[in-house]
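Participant: Take this structure first; my questions come after.
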Amino acid sequence: MSDDVKKLQEMVSAFDRLKAELSKAIVGQDAVIEQLVVAMLSRGHALLVGVPGLAKTLLIKSLAEVLDLSFSRIQFTPDLMPSDITGTDIIEEDHSTGKREFRFVKGPVFANIVLADEINRTPPKTQAALLEAMQEHRVTAGVESYVLDEPFFVLATQNPIEQEGTYPLPEAQLDRFMFNLMVEYPSRDEERKIVSQTTSGATVKLKKVLDRQAIMDYQELIRRVPVADNVIDYAVDLVVKTRPDGESAPDYIKKWVGWGAGPRASQYLVLGAKARAAMMGNPTPSIEDVRAVALPVLRHRVLTNFNAEADGVTVDEIIKKLL
């Protein structure tokens, strides 16, 4: 048995243990948990959108706990400054020599998992402080660059209802997120279990399932997963069809879509399919794996126009029609 096949079996077992451990703190949300792990294995970031009270923050904190990674939470507010996220230079005096010099104090972005809570509540200049960190995995302050510890994930939350005093994320930053995940209401049985669990006074202690090195090894393994040409072709064709000025775009895309997805969508479709297949124990992804990650990859990259709004058509409906 080759090392990669053994590693694949290990990963499937680790994912099962992770789900079992998270279920102690989180009721339901299996699809969201699976997609968060897919993003992590693909070295991607995720944006979680849902109304307050659906345990988005608890889910991310619990994930950091079972993964044995450093975690920091940034509560985004209108008065938050870029240096509050990245860090700042302070003047420090050497008492023995009397000499003063600048020393960089690292901000909360220097963690393995960064929870950007209610990311749309802060102005664009502060939102942009995350851009370099998300793309380059480093932070520049003054003339110095500081490399972030690997693995590094930004998991942001957003409330889709209340838009009073919020700042929508610019398209360039939205594109940095691999997935846009919709966190739905629980079912009645799940809600009953949540109420029973959270009003009893019992405390939940989560065990560590994966360490930092294991996660990085699995990320490398995902990159080595082979993909058939027809699967790559399917992913690329799907993305190309979202562009209204393209020859292969269906008529409804030309009618309802203002801007289609870019090449990063094709990359994330293939990476997400590879990670999902590996988590299921399959040595190579299928077209079905691409379809399974298409909605969270495309929903924030396909921009609808006035016609779609007038017809009452959502971006999710357009993507489902395309699939």
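The values are calculated or read from the model by the stated rules, or taken from the named source; none is laboratory data. All values reported here derive from a predicted model rather than from experimental measurement. We place every Cβ from the backbone using ideal geometry, glycine too, and count neighbours over all the protein chains shown.
Participant: Looking at (1) of a type in the set (Asp, Glu); (2) within 25 Å of the chain's Cα centre (by Cα); (3) more than 16 Å from MET40 (Cα to Cα), which one does ASP229 not meet, given that it meets all the others?
Facilitator: Only one criterion in (1) of a type in the set (Asp, Glu); (2) within 25 Å of the chain's Cα centre (by Cα); (3) more than 16 Å from MET40 (Cα to Cα) is unmet by ASP229, namely (2).
Participant: Right, next: Where the second residue is polar (S, T, N, Q) and part of a helix (DSSP H, G or I) and the first is within 16 Å of ARG223 (Cβ to Cβ) and lies in the stretch 1-27, which pairs have Cβ atoms under 7 Å and are six or more apart or on separate chains?
Facilitator: none
Participant: Are any of the residues in the stretch 4-22 within 15 Å of the chain's Cα centre (by Cα), assigned to a helix (DSSP H, G or I) and either loosely packed, with under 14 Cβ neighbours inside 10 Å or of a type outside the set (D, E, K, R) (or both)?
Facilitator: No.
Participant: Does GLU136 qualify as being farther than 24 Å from GLU65 by Cα, at pLDDT below 80 and surrounded by fewer than 17 Cβ atoms within 10 Å (Cβ to Cβ)?
Facilitator: No; evaluated as a whole, the condition is false for this residue.
Participant: Read through the list (1) assigned to a loop (DSSP other than H, G, I, E, B); (2) more than 23 Å from LEU67 (Cβ to Cβ), then give the number of the only condition that LYS321 fails.
Facilitator: Against the list (1) assigned to a loop (DSSP other than H, G, I, E, B); (2) more than 23 Å from LEU67 (Cβ to Cβ), LYS321 comes up short only on (1).
Participant: Looking at (1) in contact with a helix residue (DSSP H, G or I) (Cβ under 7 Å, 6 or more places away or on another chain); (2) outside any helix (DSSP H, G or I); (3) surrounded by fewer than 16 Cβ atoms within 10 Å (Cβ to Cβ); (4) at pLDDT below 85, which is the only condition VAL27 fails?
Facilitator: (3)
Participant: Among ASP117, ASP89, which is the only one that is more than 23 Å from the chain's Cα centre (by Cα), in the same structural domain as GLY53 (by TED's automatic domain parsing) and touching a residue at least 12 places away in the same chain (Cβ under 8 Å)?
Facilitator: Residue meeting the stated conditions: ASP89.
Participant: Being at pLDDT 90 or above, within 20 Å of PHE15 (Cβ to Cβ) and in the same structural domain as ALA292 (by TED's automatic domain parsing) narrows it down to one residue among LYS274, LYS241; which is it? Quick ask: steps written out before the conclusion?
Facilitator: Working: LYS241 fails: within 20 Å of PHE15 (Cβ to Cβ).
Of LYS274, LYS241, the one residue that is at pLDDT 90 or above, within 20 Å of PHE15 (Cβ to Cβ) and in the same structural domain as ALA292 (by TED's automatic domain parsing) is LYS274.
Participant: Then there's this: Here is a check on your reading of the model: is ILE60 at pLDDT 85 or above, outside the structural domain of PRO296 (by TED's automatic domain parsing) and surrounded by 14 or more Cβ atoms within 10 Å (Cβ to Cβ)?
Facilitator: Against the criterion (at pLDDT 85 or above, outside the structural domain of PRO296 (by TED's automatic domain parsing) and surrounded by 14 or more Cβ atoms within 10 Å (Cβ to Cβ)), ILE60 does not qualify.
Participant: Scan the stretch 262-281 residue by residue and report those that are outside any helix (DSSP H, G or I) and either among the hydrophobic types (A, V, I, L, M, F, W, C) or crowded, with 24+ Cβ neighbours inside 10 Å (or both).
Facilitator: Within the stretch 262-281, the subset outside any helix (DSSP H, G or I) is 262, 280-281.
Selection gives MET280 alone.
Participant: Let me ask you something else. Check off (1) out of contact with any helix residue (DSSP H, G or I) (no Cβ under 6 Å at 6 or more places or on another chain); (2) under 29 Å from LYS19 (Cβ atoms); (3) not in a loop (DSSP other than H, G, I, E, B) for THR284 and give me the number that stays unchecked.
Facilitator: (3)
Participant: I'm trying to understand the selection: among the residues of the stretch 139-160, which are exposed (fewer than 12 other Cβ atoms within 10 Å of the Cβ) and either of a type in the set (Lys, Arg) or in contact (Cβ under 8 Å) with a residue 60 or more places away in the chain (or both)?
Facilitator: Selection gives PRO160 alone.
Participant: Continuing with this model, one more query. Among ASP89, ASP117, which is the only one that is modelled with pLDDT of 80 or more, touching a Phe, Trp or Tyr at 6+ places or on another chain (Cβ under 7 Å) and charged (D, E, K, R)?
Facilitator: Of ASP89, ASP117, the one residue that is modelled with pLDDT of 80 or more, touching a Phe, Trp or Tyr at 6+ places or on another chain (Cβ under 7 Å) and charged (D, E, K, R) is ASP117.
To keep it simple, each residue is scored yes or no on (1) part of a loop (DSSP other than H, G, I, E, B); (2) closer than 22 Å to ARG17 by Cα; (3) charged (D, E, K, R).
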{"residue": "ALA39", "(1), (2), (3)": "no, yes, no"}
{"residue": "LEU48", "(1), (2), (3)": "no, no, no"}
{"residue": "GLY53", "(1), (2), (3)": "yes, no, no"}
{"residue": "LEU59", "(1), (2), (3)": "no, yes, no"}
{"residue": "LEU69", "(1), (2), (3)": "yes, yes, no"}
{"residue": "ARG73", "(1), (2), (3)": "no, no, yes"}
{"residue": "ASP84", "(1), (2), (3)": "no, no, yes"}
{"residue": "ILE90", "(1), (2), (3)": "no, no, no"}
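Participant: Could you say whether any residue in the stretch 180-192 is at pLDDT 85 or above, of a type in the set (Phe, Trp, Tyr) and either surrounded by fewer than 12 Cβ atoms within 10 Å (Cβ to Cβ) or in contact with a Leu (Cβ under 9 Å, 6 or more places away or on another chain) (or both)?
Facilitator: No, there is no match, as no residue in the stretch 180-192 is at pLDDT 85 or above, of a type in the set (Phe, Trp, Tyr) and either surrounded by fewer than 12 Cβ atoms within 10 Å (Cβ to Cβ) or in contact with a Leu (Cβ under 9 Å, 6 or more places away or on another chain) (or both).
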